[in-house]
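The values are calculated or read from the model by the stated rules, or taken from the named source; none is laboratory data. No experiment lies behind these values; they were computed from the predicted model shown. With ideal geometry, Cβ positions are generated from the backbone for all residues, glycine too; neighbour counts draw on all protein chains shown. SASA here: full protein model, heavy atoms, side chains in, ligands and nucleic acids out. Shrake-Rupley method; radii C 1.70, N 1.55, O 1.52, S 1.80 Å.
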Amino acid sequence: NGGLIFAGKDESGRGTSGGSLTFDRYHQDQVVQLFGFEEGQERSAGIKVNDQPEGRLDFPAVDRVRTLPASQQDAAYRAANVGGTQRLFAGRATDKSSQLVLRDGQGRKRLVLRVGEDGATSIDFLDQAGKVQRTVRPTAD
């Protein structure tokens, strides 16, 4: 039904941080995640909302997938009802901007509202291929 994970140093003793509080669908994977991570200069924190398949997650099948050749794993994961789609991100991105990213049912970015570290604002409208079709910025005063 969810979980809490956190970490500090990596295997080599280098300082990193990470934490995640998730809420899952019943017999499925996470639909809401509150997270934060830092590794070197890379940092991100925020909230994600995901869609999950309608069927139950087949946990024993997931364990068996790991023993299959890589070429067979994607299909086996789908058969086990693994495969959420991120629909929303709201938080601090690795480029130090604040973002609200809305995605379609296939997980493709379609709308990105951004406030840069320098205060610059923009709204990007993207097509199905992820190409920006239009960017809206405030007009000069």
| Of the conditions (1) farther than 24 Å from Leu34 by Cβ; (2) surrounded by 11 or more Cβ atoms within 10 Å (Cβ to Cβ); (3) of a type in the set (Gly, Ala, Ser), Ser71 fails just one. Which one is it? | (2)
| query | Is one or more of the residues making up the stretch 32-44 touching a residue at least 12 places away in the same chain (Cβ under 8 Å) and of a type in the set (S, T, N, Q)? | reply | yes
| said: Taking the condition of being in a loop (DSSP other than H, G, I, E, B) and under 24 Å from Val82 (Cα atoms), how many residues in the stretch 2-32 meet it? | reply: 5
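Quick check on this structure: which one of Ala61, Ala90 is hydrophobic (A, V, I, L, M, F, W, C), in contact with a Leu (Cβ under 8 Å, 6 or more places away or on another chain), surrounded by 14 or more Cβ atoms within 10 Å (Cβ to Cβ) and in contact (Cβ under 8 Å) with a residue 12 or more places away in the chain? It would help to see each step written out before you state the result.
On the way: Ala61 fails: in contact with a Leu (Cβ under 8 Å, 6 or more places away or on another chain).
The unique qualifying residue is Ala90.
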| said: Checking Val112 against (1) open to solvent by 50 Å² or more (accessible area, probe 1.4 Å); (2) in contact with an Asp or Glu (Cβ under 9 Å, 6 or more places away or on another chain): exactly one of these is not met. Which one? | reply: (1)
| said: So the check is Cβ under 7 Å with 6+ separation or different chains; which pairs have a first residue in the stretch 3-27 that's touching a residue at least 12 places away in the same chain (Cβ under 8 Å) and a second one that's of a type in the set (Asp, Glu) and open to solvent by less than 100 Å² (accessible area, probe 1.4 Å)? | reply: Thr16/Asp10; Thr16/Glu38; Thr16/Glu39; Ser17/Glu38
| note | The one condition Gln30 fails out of (1) touching an Asp or Glu at 6+ places or on another chain (Cβ under 8 Å); (2) more than 23 Å from Ala93 (Cα to Cα); (3) open to solvent by 30 Å² or more (accessible area, probe 1.4 Å) is (2)
